[in-house]
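To keep things clear, I will list the structure first and then write my remarks on it.
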Amino acid sequence: MAKKPTEEVRARKKAALATPTDLGSNAIRDLEGALNAVLADTYALYLKTKNFHWHMSGPHFRDYHLLLDEQAAEILATTDDIAERVRKIGGTTLRSIGHISRLQRVKDNDADFVTPQDMLAELRDDNRDHVKRLREAHDLADEHEDVATASLIENWIDETEKRAWFLFETSRGA
């Protein structure tokens with residue numbers, strides 16, 4: 001006997017997002033948690049970078065404005081790779097702004113005015129902290145022998161270190 005349409009809908013809603021993987025359930029759980037926290041931080045860092053980009057002022061406006069726009073684009077570009085990695089290993093990923101706010105470790109800056117030098121310093125420190133958290137996620141990937149996740153994280157670390165370096169050099173001697 002065929003299922004009624006409402007039963008089919010209920011069955012589909014209950015169906016798991018079963019992605020085939022050779023990782024164990026503990027590895028999936030641990031990596032899903034770590035990567036979702038990294039993803040939340042990445043979105044928070046993206047929005048803070050754009051916030052400072054939009055509110056930049058002063059004699060170096062154009063250079064700083066363009067630098068932060070370039071960095072924001074690079075940060076945003078990693079979000080899809082992070083989320084897709086979570087799905088590839090069989091996990092689920094962020095679903096809303098609220099979910100991001102519950103997981104993010106990057107502190108928001110809602111100040112009405114921030115000096116350009118303070119913006120650069122804050123973003124430099126946020127990127128340095130992001131590197132530390134990426135290294136922690138890398139260690140977890142190594143622990144679970146997930147070489148693909150570890151390899152991706154290595155690239156994200158390099159990109160984040162480059163942003164921190166540019167922010168440091170840009171603000172040096174100011």
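The values are calculated or read from the model by the stated rules, or taken from the named source; none is laboratory data. Not measured: the values here are computed from a predicted model. Cβ: placed from backbone, ideal geometry, glycine included. Neighbour counts: every protein chain shown. Heavy atoms of the whole protein, side chains included, go into the accessibility calculation; ligands, DNA and RNA do not. Shrake-Rupley method; radii C 1.70, N 1.55, O 1.52, S 1.80 Å.
Accessible area of region 63-146 with a 1.4 Å probe: how many percent of it is carbon plus sulfur?
Here carbon and sulfur together make up 45 percent of the probe-accessible area.
Going by Cα centres, region 78-113 and region 145-171 are how many Å apart?
17
Quick check: residue separation of ALA121 and THR19 times 0.36 nm, minus the Cα distance between them. What number comes out in nm?
Length difference between fully extended and current span is 32.6 nm.
Show that you can apply the helix-only estimate: for the chain, add -39,500 (n - 2.57) for every DSSP H stretch of four or more residues, divide by all residues, and state [θ] at 222 nm to the nearest 500.
-25500 deg cm²/dmol
Give, as a single signed number, the net charge of other residues whose beta carbon lies under 11 Å from the beta carbon of GLN117, with Lys and Arg counted +1 and Asp and Glu -1.
Spelling it out: positives minus negatives among the neighbours equals 0.
Which one, LEU94, LEU152, LEU68, is farthest towards the positive end of the dipole of region 63-154 when Lys and Arg carry +1 and Asp and Glu -1 on their Cβ?
LEU94
How much length is gained if the chain between ARG128 and THR79 is pulled fully straight, taking 0.36 nm per residue apart and subtracting their Cα-Cα distance, in nm to one decimal?
Extra length from ARG128 to THR79 when fully extended: 15.8 nm.
For region 1-147, what is the accessible area per residue in Å² when the probe is 1.4 Å?
60
Could you pull out which residues in region 102-139 have an amide N less than 13 Å from a spot 7 Å beyond the Cα of GLU161, following the Cα-Cβ vector?
Backbone N within reach: 128, 131-132, 134-135.
Only one of the listed values, (1) 47, 36, 26; (2) 45, 32, 31; (3) 75, 37, 21, was derived from the coordinates as Cα extents along the principal axes in Å; which label is it?
The value matching this structure is (3).
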